[in-house]
Structure formats: structure tokens, C-alpha cells
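So the structure is just underneath, and the comments pick up after that.
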Amino acid sequence: MSPTMAGVLLICTLFLFLGTGMPIAFALGLAAMGGLFLAMGFDVIGIVAETMFAGIGNLAFVSIPMFVLMGAFVAGTPAGADLYRALDRWMYKVPGGLVLSNIGACAVFSGMTGSSPATCAAIGKMGIPEMINRGYPASVATGSIAAGGTLGILLPPSVTMIVYGIATETSIGRLFLAGVIPGLMLTAMFMCWAVIDARRKGYRFNASGVVYTLRDKLAVLPKVLPLMLIIVAILYVLYGGVATPSEAAGAGAMLTLVVVVLIYRLFKVRSLSGIFGAGMRESVMIMMIMASAELFAFALSSLYITQSVAEVIASLEVNRWVLMGLINVFLLVAGLFLPPVAVIVMTAPLLFPIVTQAGFDPYWFAVILTINMEIGLITPPVGLNLFVINGIAPDIPTREILWGALPYVLVMALAIFIMCLFPDIATFLPEYVMGPAI
């Protein structure tokens with residue numbers, strides 16, 4: 001069987017499994033085992049476990065469950081509501097201010113969790129009902145939070161950046177720094193669109209009759225500022241050379257646990273057991289996807305599919321920006337069907353040498369890849385954030401959520417274009433803080 005036919009058969013098998021509703025990790029694993037059976041016969045039994053374990057047997061991966069657990073401590077407590085409340089009280093007079101509060105809360109919460117679904121769930125539970133009660137259309141309320149939640153995989157600490165760093169053997173600290181300015185830029189662009197949309201439609205959502213005094217504004221800060229300081233502390237120990245990402249993640253999780261226990265008085269084991277359980281479930285899901293994606297990537301290589309694709313791309317005598325455009329289209333399509341972690345594990349080792357040989361900065365490319373994955377989180381057929389929002393607000397049709405999120409897809413596409421014009425947006429901060437990459 002030719003590599004082309006093998007590739008088509010393998011991808012079709014994967015989509016068939018995904019179409020049955022099978023968990024993504026199992027679909028990847030079974031499709032990979034089928035492909036390996038074609039290449040190796042029954043000898044595949046002896047290498048499946050070894051390959052999957054090798055995919056996650058890296059000490060650097062310890063940082064993933066630690067950051068996930070840190071996010072679970074925040075998402076499983078009233079911390080998200082307090083953060084949302086603080087921003088609302090400080091921005092309530094701005095036209096469309098509640099939308100800005102939602103997006104801002106998503107950006108800050110993302111920095112605490114590194115998870116898009118957790119951000120959507122935590123902020124959406126408070127933000128969507130409040131916006132609808134104040135007269136916002138359902139599409140505006142849900143779309144802003146679905147889009148704001150995507151910032152969780154771009155702003156540090158980002159789980160997807162950790163996965164990219166390990167898959168490509170690049171510096172995780174530099175990757176975190178590379179995501180800071182683009183993440184803030186994208187947050188500002190989301191907010192600008194929210195204000196433009198509010199004014200274009202004649203909305204005046206500064207909630208007449210709602211008044212917060214300076215005392216009300218200051219009252220919510222003591223519960224929010226300690227968590228913000230934890231994020232600053234993590235970034236300091238990472239870039240100050242004090243600790244590795246795994247050590248910083250462990251310390252961050254411990255500090256977050258102490259803060260939420262003291263602030264919200266979670267002194268009973270029963271109060272914390274659900275939080276630890278949620279963190280464990282998400283961590284296991286991520287690691288299973290990574291292990292299965294490693295097996296799938298091994299199957300692609302064994303069937304000579306990866307090499308064939310790389311040869312075809314390398315043989316294209318086109319301008320490097322045309323090549324980057326084709327890669328973006330490929331990533332967009334992949335992100336429509338697979339979660340970011342799976343896409344990165346499967347494609348980063350393939351695309352990394354092509355991108356670097358074309359003269360593109362690998363840290364800049366990490367940001368471009370991540371924004372593409374963000375688009376996939378709010379577009380069908382998978383659109384994880386859309387389903388999370390639909391679960392929070394089941395009375396709002398999915399179509400309304402999708403129409404509300406669609407303008408933000410265009411904003412992210414514009415962000416990719418701006419990043420291509422001005423790559424220093426991603427590369428300036430890593431080079432300024434850590435010096436030029438060797």
C-alpha cells in the first residue's frame with residue numbers, strides 16, 4: 001500500500017472512531033494500532049505499551065498535572081466569581097463594560113489555570129446569567145466568554161506551550177514569554193471588538209441603576225490579589241532562574257491550595273476531594289491523549305506517511321510565506337477536529353524542521369500554532385468551548401453561541417496576520433529577558 005493510501009485509510013479510520021463519540025485518546029490509539037498492524041502484523045503488540053509510555057515518560061511533563069491542579073483549585077472555588085465581580089465593579093460604567101469584564105476575567109483566569117474549558121466554565125457560570133439579566137443578547141453573552149476562554153492556551157502558564165516545548169525540545173520559559181505580548185494583544189483586540197459591537201448596535205449596557213462605591217470596589221480586591229501575586233511569583237521563579245517549570249508548577253499548585261483554603265475556609269477534606277478529583281480527571285485525560293497521539297505519530301512514521309508529507313512540502317518551490325499559509329490552513333483544519341494537545345503532539349515534530357528550515361522563528365511559530373488551535377476551540381464540529389458554554393447555558397441554542405463567537409474567529413485571523421507582519425510581537429520579550437536563542 002502506498003503512503004498516500006495508507007494515510008487516507010488511517011485518517012478516515014480516525015474520523016470514523018471520532019464520529020461514534022469515542023473518547024479522543026481511545027480513537028487515536030485504536031486507529032494507530034490498526035495502522036501499525038498493517039505495517040508490522042502481530043508484532044505491534046510488543047511495542048504499543050512501550051511507545052505510549054515513552055510519549056509521556058518525560059520529567060518535564062510533571063508540570064502539566066501541577067498546573068492543571070492549580071487551575072482546579074481556582075475553578076472549584078468562588079475565586080472565579082470573585083475575579084469576575086472585581087472587574088465588573090471597576091468597569092461597570094463603560095458601554096459594553098460587562099463584556100469587557102468577561103473577557104478581562106477570562107484573560108486573568110487563564111493565567112491562573114492554563115485551561116480554556118476551565119476558564120469558560122468558571123467565568124461563564126457567573127457572567128452569562130448576569131449579562132442576560134442586564135439585557136445583553138444571548139449571542140453576545142455566550143460568544144464573548146467562549147472566545148475569552150481560548151486565551152487559556154496562549155497566556156502563561158499554558159499547558160499547550162509546555163507540550164510544544166517538549167515535542168520540539170525548545171525552551172518552555174521562552175515559549176511562555178513568547179505568549180505574553182500576543183496574549184495581551186489578543187485580549188485587547190477582543191475588547192475593542194466588544195466595544196465596537198456595542199456601539200454599532202446601539203447598546204448601552206452600563207446598567208442604569210447599578211452603582212458601586214469606591215468601598216465596594218476595594219472590598220473585592222483582598223480575595224483576588226493573592227491569586228494574582230501567585231502568577232507573578234511563578235513567572236519570577238521561572239525567568240529568574242530560581243526553578244524549573246516543573247518545580248514552579250508544583251510550588252504554584254501548593255501556594256494556590258493554601259490561598260484558597262485560607263480565603264474560602266475549605267478546611268474539610270470533603271470540600272477538597274472534588275477539586276482533587278477534577279484535577280486528576282483532566283490530567284489523566286491530557287496524558288492519555290498525549291500517549292495515544294505519540295502512538296499515532298509513530299504509526300504515521302512507520303507507514304512512511306510523515307516522511308512523504310515532509311518531502312512533498314519540502315519540494316514545493318514556493319515563497320516561504322505561501323508555505324506558512326498552507327501550514328496555517330492545515331492547522332486550522334486539524335484544529336476543527338482534534339484538541340490542541342493532540343494536534344501539537346502529532347504535528348509539531350513534523351512541522352518544526354520545515355518551519356525552521358524556511359527561516360521562521362520556532363517561538364513565533366508556537367504562537368501562530370496556538371492561535372490556530374484557539375480558533376478550533378470555538379468552531380464546529382468539535383468546538384470544545386462551544387459545548388462547555390452550551391452545558392452551562394442549555395437554554396441558549398448552540399447556533400446563538402456560534403454566531404456570537406464567529407466575529408472573534410475573524411479577530412484571531414487578523415491577529416495571525418498582524419503576527420506575520422510584525423513577528424517581533426512574539427520574539428521581543430523572550431530575547432529581551434533571556435537573550436537571543438542559541
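Summary value for the chain: 27 percent relative contact order, contacts being C-alpha pairs under 8 angstrom separated by 6+ residues.
With the Cα gyration tensor of region 275-347 giving a ≥ b ≥ c as the square roots of its eigenvalues, does the rule (a/c under 1.5 for rounded; else a/b larger than b/c for prolate; else oblate) give rounded, prolate or oblate? Note, shape of region 275-347 comes out oblate. Evaluating kT/(6 pi eta Rh) at 4 °C and 1.567 mPa s, with the Kirkwood radius of the chain over Cα pairs in the Stokes-Einstein relation, gives 58 µm² s⁻¹.
Above 19 Å, the calculated P(r) of region 93-175 contains 41 percent of its Cα-Cα pairs.
Measuring r between the beta carbons of N133 and V318 and using R0 = 60 Å, the FRET efficiency lands at 0.70.
Mean residue ellipticity, 222 nm, helices only, the chain: the sum of -39500 (n - 2.57) across DSSP H runs of n ≥ 4, divided by residue count and rounded to 500, is -26000 deg cm²/dmol.
Round to a whole number: what % of the accessible area of the chain belongs to carbon and sulfur, probe 1.4 Å?
On the chain, the fraction of accessible area on carbon and sulfur atoms equals 70 percent.
Take the Cα of I196, step 7 Å toward its Cβ, do the same at F417, and the gap between the two points is 1.0 nm. Of C192, C120, the order by accessible heavy-atom surface (1.4 Å probe, DNA, RNA and ligands excluded), from most exposed downward, is C192, C120. Using R0 = 60 Å, the C-beta based FRET efficiency linking R265 and L16 works out to 0.75. Can you pull out the trypsin sites (Lys or Arg not before Pro) in region 220-280 whose DSSP state is coil and whose Cβ has at most 15 other Cβ atoms within 10 Å? Of the trypsin sites (Lys or Arg not before Pro), the ones in loops of region 220-280 whose Cβ has at most 15 other Cβ atoms within 10 Å are R265, K268. Within the assembled protein chains, the solvent-accessible surface assigned to M191 is about 50 Å², based on a 1.4 Å probe. The loop-placed chymotrypsin sites (Phe, Trp or Tyr not before Pro) in region 236-274, going by DSSP, that have at most 11 neighbouring Cβ atoms within 10 Å of their Cβ come out as F267. Taking Lys and Arg as +1 and Asp and Glu as -1, the other residues whose beta-carbon sits under 15 Å from that of R174 total -4.
Calculated FRET efficiency, I45 to T356, Cβ-Cβ distance, R0 = 51 Å: about 0.90 to the nearest 0.05. Label sites at S308 and L59, each approximated as a point 7 angstrom past Cα along Cα to Cβ, lie 4.0 nm apart. Straightening the chain between R215 and D424 buys 71.1 nm, computed as 0.36 nm per residue apart minus the Cα-Cα spacing. The overall shape of region 289-438 is oblate: from the C-alpha gyration tensor, with semi-axes ordered a ≥ b ≥ c, the ratio a/c is 1.5 or greater and a/b is no larger than b/c. Accessible area per residue for the chain, computed on protein heavy atoms with a 1.4 Å probe, is 44 Å².
Over all distinct Cα pairs, what is the inverse of the mean 1/r for region 1-88, reported as the Kirkwood hydrodynamic radius in Å?
Final number for the Kirkwood radius of region 1-88 is 16.5 Å.
Taking Cβ atoms as reference points and 10 Å as the exclusive limit, the residues near I263 contribute a net charge of +1, counting Lys and Arg as +1 and Asp and Glu as -1.
The residues packed around P353, meaning those with a beta-carbon under 15 Å from its beta-carbon, carry a net charge of -2 if Lys and Arg are +1 and Asp and Glu are -1.
The values are calculated or read from the model by the stated rules, or taken from the named source; none is laboratory data. All of these numbers come straight from a predicted model, not from anything done at the bench. Here Cβ is always computed from backbone atoms with ideal geometry, including for glycine, and neighbour counts include all displayed protein chains. Ligands, DNA and RNA are stripped out before the accessible areas are found, and what is left, the full protein with its side chains, is counted by its heavy atoms. Shrake-Rupley method; radii C 1.70, N 1.55, O 1.52, S 1.80 Å.
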